[in-house]
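Presented below is the structure to which this report refers.
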Amino acid sequence: MKLVVVGGVAAGASTAARARRLDESAEIVVFERGHHVSFANCGLPYHVGEVISERSRLLLQTPESLRESLNIDVRIATEVVAIDRKKKTVTVREVDSGKEYTETYDKLALCMGAEAVRPPLPGIDHPAVEVLRRIGDMDRIKHRLDTAVAAQKNGKRGTVTAVVVGAGYIGLEMAENLHHRGVRVEVVELSDQILPPVDHEIATPVEQHLRMRGIGLHLSTAAAAFQPLSDKDGDERVSVELNSGTVLKADLVILAAGVKPAVELVKAAGLELGDRGGIKVDLHMQTSDPDIYAAGDAVETPHPVLPGAYLAPLAGPANRQARVAAENICGRETEYKSTQGTSIVKVFDMVAGGTGATKRQLDAAGVEHRVVHVHPSGHAGYYPGTAMMHIKVLFSPTDGTIYGAQACGFDGVDKRLDLFAMAIRAGMTVFDLEEQELAYAPPFGSAKDPVNMAGFVASNTIRGDFTLWYPEEWPLAEGARLVDVRTPEEYGIHHLPGAENVPLATFREAVKGWEDKDQPIRLYCAVGFRSYLAHRILVQNGFTDVATLSGGSTTFGHVHDNPADQYTAQPPMENYAEKVSVASAVAAATGQVQDLDCTGLACPGPIMRLANAMKEANAGDEIRVTVSDPGFALDGPAWASKNGHTLVALEPKGPGFVGTFRKGGVEPVRTGATSSGANKTSMVVFSGDLDKVLAAFIIANGAVAMGDEVSMFFTFWGLNALRKTDPPKREKKMMDKMFGAMMPRGAEKLTLSQMHMAGAGTAMIKNVMKQNDVPSLPELIKSAQDGGARLLGCTMTMDLLGMSQSDLLDGVELAGVATFLGEANESGTTLFI
């Protein structure tokens, strides 16, 4: 038998190697169009980042080593350009010389893999725009990077910048490794989330982690064009124009927007393709031609949960498919059952991945399912080095069959994903997860492993022990009673609007006075455990409509995240630390610093220990706390503000942070419901006249300086003060264009209400302000924003005048009349300008 293999990397090399082990007499020829064979393509980003320092470590085999060990004829830099199925020959072309010849075969294995997507965008052929698929790609990228970094270190240029287009696994690995080299990295992703193989609430913590490490994220955004950008040194740089109107300047662009199956050769040969554009194969990896087999990224294979066949460009499945193809080529009856898409990625200190079907896929396929979220630690919380893990499990609501699982966290994520993958492969249920006996010692797990915990929660929902409600159901239906069972301290930091605080410690006594047992009651806590206990108390006391929030406020925050915020505050979560002025609470530092180790503690543990330590400290003393809870980025500063302390520093470290807090000198001034509102000022800015808007912002800055909270509600012509001078282009209706042309575009274009004098008067007052060191209106606006003033744009006015949020200055919030009335109700002073 003569076997010809097209492609010499993962699937191709494995097919040839397995075939040799089964048939010593076979003639085996491998054609690889690249200059390297059987290399570790998954390791390419790590050599760019110099995590893998030796390039040779990526070259697993060479043509010489394969001939010596397996007697395989490997011909690199040789591309198969045509298949003649009747004659059973392939036409090949030597890449370097252009010479062509034909080769006969008895059996043919197609393992061409996939090609990087290169959309037909203007300027995409610029030499600074690269993809990373092969050793040659890696060498070019690293050479460009090495040159730029060396120039930066020698003081010949500024910071090296890179743009990564695509936030899948390869894109994020490249972002991390470029950052390791000291490069400033911006990631552009068309979707509204990173990591397409997982659902939104699992991707969100990774997004937060990326931002905390200094990676810029541009979600729901696409690259539109690339333009040459030559600097004074003649370096070939490029500007990346995004469809949002943003322009990013870069020394290097990595296209990681996905891959497509390499099937042009297959199409030309008339072989059958599948519904998703890949090669159609049966369970023996046989194509529509009985003498031609296929394996790897270009083939479609069944899914263990979803109907139909799917593409799965992953190294593990490619190698297993190759093994099955080789065995059938050599006469063994072997089947490849399915690909469930198990995948994982490391992003700085964090790990994320999934297996089986996602919620998006199950919804699209119409598969009924149920979801649970759990947030256990990677190992025993009292043993150092762990942090909260986020797990999502999808399963059948009737028999509990596991459909999919996803996880992100810092320690032990990989082994939990592997266990879920094995469970799906074996057709196990969530009831089986309860019973799994897994290795336990404090450094490795918990007596109730996270896999067990997911099984407990999922099984309880099927048994009817409790009912879940989900973040996607927010806001709740009218008439539902929302109950937060966390501690008063947690509730005071942030909680869902409208929630009443009934701490679990007092819950049993409190519910004795609840008379309406048919009223819908929706419970929540931090991760779901305390609200589950409250749920059990209620149903056993006769309450009929009770549900608890899946995954608690932790999952809620991941679903309702704010990607623009570096440390992600949840917009629907009301932060009552914002109702506290701490200007009078700042104390001079004493130089006394106490270290507090709160690693391994989940919320509210770090806050409780920090609060106790602060009670024992003197005014001006500092406490440096180390935490492994990522949520501390929100909770710590909010707690400090609420209690009159100063946040001195907050730096990311591993899964969590190191924060330094200084004890306040006096009690904070509270301006919430218990206050008269004297420390809050609100304004309606109706006018678009320069002098009136100037007056508004002078008053606003004065109020901020005195420690007041300030909110400014801009409506009708007042909104013109908040317009950008050069907003991004967008489609507009004719009436919107007319309004846009008639109205002043931004603070610089406003005119005086009196003595404008065709522009002369306005110019004169601006000049007088400058001579007397009075800040300009744009400077006053920025100063007010920096001081914490809320600038609210009236959504009704925006609709009437054809404005979009992209027309307004960054940081302007969109609001309605109800928002302003709420602000005014809490204010000691309300002005109409």
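Here are the numbers for this structure:
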quantity: Residue satisfying all of: in the range 1-53; touching a helix residue (DSSP H, G or I) at 6+ places or on another chain (Cβ under 8 Å) and acidic (Asp, Glu); surrounded by the fewest Cβ atoms within 10 Å (Cβ to Cβ) among these; calculated: 50
quantity: Any hit, the range 542-560, residues being part of a loop (DSSP other than H, G, I, E, B) and modelled with pLDDT under 95; calculated: yes
quantity: Sole residue being surrounded by 22 or more Cβ atoms within 10 Å (Cβ to Cβ) and over 19 Å from residue 458 (Cβ atoms), chosen from 318, 380, 309; calculated: 318
quantity: Residue match in the range 59-72 (condition: surrounded by fewer than 18 Cβ atoms within 10 Å (Cβ to Cβ) and within 36 Å of the chain's Cα centre (by Cα)); calculated: yes
quantity: Condition broken by residue 142, with the remaining ones in (1) buried (at least 23 other Cβ atoms within 10 Å of the Cβ); (2) assigned to a helix (DSSP H, G or I) satisfied; calculated: (1)
quantity: Some residue of the range 399-418 being assigned to a loop (DSSP other than H, G, I, E, B), touching a His at 6+ places or on another chain (Cβ under 9 Å) and over 25 Å from residue 209 (Cα atoms); calculated: no
quantity: Filter pass, residue 696 being part of a helix (DSSP H, G or I), modelled with pLDDT of 85 or more and either farther than 15 Å from residue 778 by Cβ or of a type outside the set (Ser, Thr, Tyr) (or both); calculated: yes
quantity: Tally of residues being without any contact (Cβ under 8 Å) to a residue 60 or more places away in the chain and either crowded, with 24+ Cβ neighbours inside 10 Å or assigned to a helix (DSSP H, G or I) (or both) across the range 350-372; calculated: 6
quantity: Of all residues making up the range 448-498, the number that are in contact (Cβ under 8 Å) with a residue 60 or more places away in the chain and among the hydroxyl-bearing types (Ser, Thr, Tyr); calculated: 4
quantity: Selection within the range 604-643 - within 18 Å of residue 384 (Cβ to Cβ) and part of a loop (DSSP other than H, G, I, E, B); calculated: 628, 629, 630
quantity: Residue 81 vs. criteria touching a strand residue (DSSP E or B) at 6+ places or on another chain (Cβ under 6 Å), modelled with pLDDT of 95 or more and crowded, with 18+ Cβ neighbours inside 10 Å; calculated: no
quantity: Flag for residue 327 being acidic (Asp, Glu) and in a loop (DSSP other than H, G, I, E, B); calculated: no
quantity: Matching residues, the range 373-397, being without any contact (Cβ under 8 Å) to a residue 60 or more places away in the chain and either over 20 Å from residue 555 (Cα atoms) or not in a strand (DSSP E or B) (or both); calculated: 396
quantity: Any hit, the range 436-455, residues being part of a helix (DSSP H, G or I) and either touching an Asp or Glu at 6+ places or on another chain (Cβ under 7 Å) or assigned by TED's automatic domain parsing to the domain that holds residue 303 (or both); calculated: yes
quantity: Residues of the range 420-430 satisfying the condition of being surrounded by fewer than 20 Cβ atoms within 10 Å (Cβ to Cβ) and closer than 12 Å to residue 342 by Cα; calculated: 422, 425
quantity: Residues within the range 6-64 that are among the hydrophobic types (A, V, I, L, M, F, W, C) and in a helix (DSSP H, G or I), tallied; calculated: 11
quantity: Residues (charged (D, E, K, R) and modelled with pLDDT of 95 or more) located in the range 147-177; calculated: 173, 176
quantity: Single unsatisfied condition, residue 717 versus (1) more than 36 Å from the chain's Cα centre (by Cα); (2) modelled with pLDDT under 85; calculated: (2)
quantity: Where a residue in the range 405-417 is crowded, with 23+ Cβ neighbours inside 10 Å and its partner, wherever it lies, is of a type in the set (Lys, Arg) and assigned to a strand (DSSP E or B), with Cβ under 9 Å and at least six apart; calculated: 405/392; 406/392; 407/392
quantity: Candidates 219, 190 - the one that is touching a helix residue (DSSP H, G or I) at 6+ places or on another chain (Cβ under 9 Å) and touching a residue at least 24 places away in the same chain (Cβ under 8 Å); calculated: 219
quantity: Hits in the range 228-282 (condition: part of a helix (DSSP H, G or I) and either surrounded by 13 or more Cβ atoms within 10 Å (Cβ to Cβ) or not assigned by TED's automatic domain parsing to the domain that holds residue 295 (or both)); calculated: 265, 266, 269
quantity: Candidate set from the range 104-129 (those that are in a strand (DSSP E or B) and surrounded by fewer than 18 Cβ atoms within 10 Å (Cβ to Cβ)); member that is modelled with the lowest pLDDT; calculated: 115
quantity: Residue 486 being farther than 27 Å from residue 395 by Cβ and among the basic types (Lys, Arg); calculated: yes
quantity: Per-region count, the range 300-358, residues of a type in the set (Asp, Glu) and over 24 Å from residue 402 (Cα atoms); calculated: 3
quantity: Verdict on residue 665 being touching a helix residue (DSSP H, G or I) at 6+ places or on another chain (Cβ under 8 Å) and at pLDDT below 85; calculated: yes
quantity: The range 644-660, residues that are surrounded by fewer than 21 Cβ atoms within 10 Å (Cβ to Cβ) and in a loop (DSSP other than H, G, I, E, B); calculated: 654
quantity: Every pair of residues 6+ apart whose Cβ atoms lie under 9 Å, when the first sits in the range 29-51 and is under 17 Å from residue 316 (Cβ atoms) and in the same structural domain as residue 12 (by TED's automatic domain parsing) while the second is at pLDDT below 95 and of a type in the set (Phe, Trp, Tyr); calculated: none
quantity: Every residue from the range 537-553 that is in contact with a Leu (Cβ under 9 Å, 6 or more places away or on another chain), under 13 Å from residue 520 (Cβ atoms) and not hydroxyl-bearing (Ser, Thr, Tyr); calculated: 538, 546, 547
quantity: Candidate set from the range 132-171 (those that are hydroxyl-bearing (Ser, Thr, Tyr) and over 30 Å from residue 197 (Cα atoms)); member that is nearest to the chain's Cα centre (by Cα); calculated: 159
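The values are calculated or read from the model by the stated rules, or taken from the named source; none is laboratory data. A quick note: this is a predicted structure, and the numbers were derived from the prediction, not measured. Glycine also receives a Cβ, built like all others from the backbone with ideal geometry; neighbour counts cover every protein chain displayed.
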